[in-house]
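Computed from the coordinates by the stated procedures, all read-outs in this text should not be read as laboratory data. The shown structure was predicted, so the numbers you read here are calculated from the model rather than taken from an experiment. Because the Cβ atoms are built from the backbone with ideal geometry, glycine has one as well, and the counts that use them run over all protein chains shown.
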Amino acid sequence: MTPVVQCPRKRPAPHPVRPESWTEGEHRLLGTKPDSLVAKLVGRDLSAVRQRRLSRNIPRVTETGGVKNLWTPEEDRLLGTKSDKEIAGMVRRTTGAVERRRRRRKIALKNQARRPWTREEEKLLGTRSDKQVAQLLKRHINTVGTRRRQLNIPHFIGRNREWTVAEERLLGTMPDKELAHRLGRTLYSIRSKRILLRLPRHQWWTTTEENLLGRFPDEEVSRRPGRTVLAARLKRQRLGIPSARPR
């Protein structure tokens, strides 16, 4: 029996060790293709290619072929001076890119809504809706509403019909929402007119107060704080209680 002769296996040739120094041809490839493709072409590690490109301030190329522009010092100085959306339109970048850059550099966003109020701005309060004033002044709608209430300026009513004397007498005699439904006006219109006339808002009747209706004249019941003769009369009529006979 002929003995079987085993041939020695050929060991694979070791990968050539790349020199630490980069050639001029390798440098020319940086930024022309994605880092992963350049790493395969030059036979280097991906992290080495990326670090080399960043050290030479070369923008990277995305997988779709687009170039990611590096931030310039002029663009960095704009961060935080306006909203991220406004800066994005100025530097032709996305809002997300501007926000990430600003947060990475720990730049606080200046709150334009907290700037001091001028007399010209305060004159606009109440002349139109808070939303419209906020858009004109580039402030938050909550900031506009807060400032208007601090100055005791009623909400913008709009160009609705004129108020009659009978309608004004009903203010505060019932909840603003109920009165708005009864008069066919908006809730803001009722509330603003009541505040403008410095009338207190409607107070719910207690059981003790309701027991007084019909037992005493409406004028006497209305002497309690926050009540009017009209409010007492309307409440009594709503409950179906006859008026008190004069003593």
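Once you order the gyration tensor axes a ≥ b ≥ c over the Cα atoms, which shape class does segment 136-224 get: rounded for a/c under 1.5, otherwise prolate or oblate by comparing a/b with b/c? It is prolate, given that a/c is not under 1.5 and a/b is the larger ratio.
Give the relative contact order (percent, whole number) for segment 113-153; include only Cα pairs under 8 Å separated by 6+ residues.
RCO, segment 113-153: 42 percent.
Counted by Cβ distance under 11 Å from E210, the other residues give a net charge of +3, where Lys and Arg count +1 and Asp and Glu count -1. The calculated FRET efficiency for T127 paired with F216, based on their beta-carbon distance and R0 = 45 Å, is about 0.45. Applying 1/(1 + (r/R0)^6) with r as the Cβ-Cβ distance of A108 and S47 and R0 = 35 angstrom yields a FRET efficiency of 0.60. Over 32 Å between Cα atoms, which of K33/K138; K82/K123; K193/K235 qualify? Cα-Cα > 32 Å for K33/K138; rest within. A crude spin-label estimate for the pair R201 and R28, with each label 7 Å from Cα along the Cβ direction, gives 7.8 nm.
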